[in-house]
Amino acid sequence: MAREALRNGRRIEDPPLARRLLGDSRAGWLWLIPRVWLGYMWLEAGIGKLSNPGWTVTGEALKGFWTNAVAIPETGRPAIAYGWYRAFIQFLLDNGAYTWFAKLIVAGELLIGVALVLGAFTGIVAFLGGFLNWNYMMAGSASVNPVYFVIAVALILAWKVAGAIGLDHFLLPLLGTPWSSAAEEKTQPERGRRLGSERQPSHAGD
């Protein structure tokens, strides 16, 4: 079904190309390559951290990253451009959050990687991956994050079909979406009224 945006009381349909890319399950083959590639990259990142005690035991690796991120150099621009985000990272540092946050990052990267490769809950895990990329970039680490972020956004937009060649082929029809059930509940009374009016016998002379 074509996605529609409500604007000024009119429903504006998406262009045909967008409907094919974002709503046609046959486009799943097109999304398979970027989805699996991105998942593999996340898996590689997570597996690489598993053997590093600084990530899985002490959190010292993340502490070092945060410490460098919040530092304000005497000359030049700091790594973090926004004061509120620097204050947030400093708060985490002061409270020793890196000891458990590092483990959370490793688990998150592995989970995102596995789910993307398998095509399970693609839109949700792509959002989580993009959120991780956003935080890395906010902390001043560009590296591969902009590329990963762009692919994640594309997978979020194509959430209905990006995992069609994967577990989402079974999961989406099985679980459905919260708003689809709500829409059905709203249309049930209206459907009942229409059926009731159609069944009412007509009277002669009306």
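Read-outs: derived from the displayed coordinates by stated rules, not from any lab. Because the structure is predicted, anything quoted here is derived from the model rather than measured. With ideal geometry, Cβ positions are generated from the backbone for all residues, glycine too; neighbour counts draw on all protein chains shown.
Inter-label distance, residue 107 to residue 75: 4.5 nm, where each label sits 7 Å from its Cα along the C-beta direction.
At a Förster distance of 30 Å, what's the computed FRET efficiency of residue 137 paired with residue 32, Cβ-Cβ distance as r, to 0.05? Step by step, r from the Cβ atoms, then E = 0.70. Backbone geometry of the range 59-76 corresponds, through the Karplus equation with coefficients 6.51, -1.76 and 1.60 at θ = phi - 60°, to 3J(HN,Hα) couplings of x, 5, 4, 5, 4, x, 5, 5, 4, 5, 5, 7, 5, 10, x, 5, 10, x Hz, x marking Gly and Pro. Spin-label model, residue 170 to residue 147: label points 7 Å out along the Cα-to-beta-carbon direction sit 3.3 nm apart.
The C-alpha radius of gyration of the range 38-164, expressed as a fraction of 2.2 N^0.38 Å, stands at 1.11.
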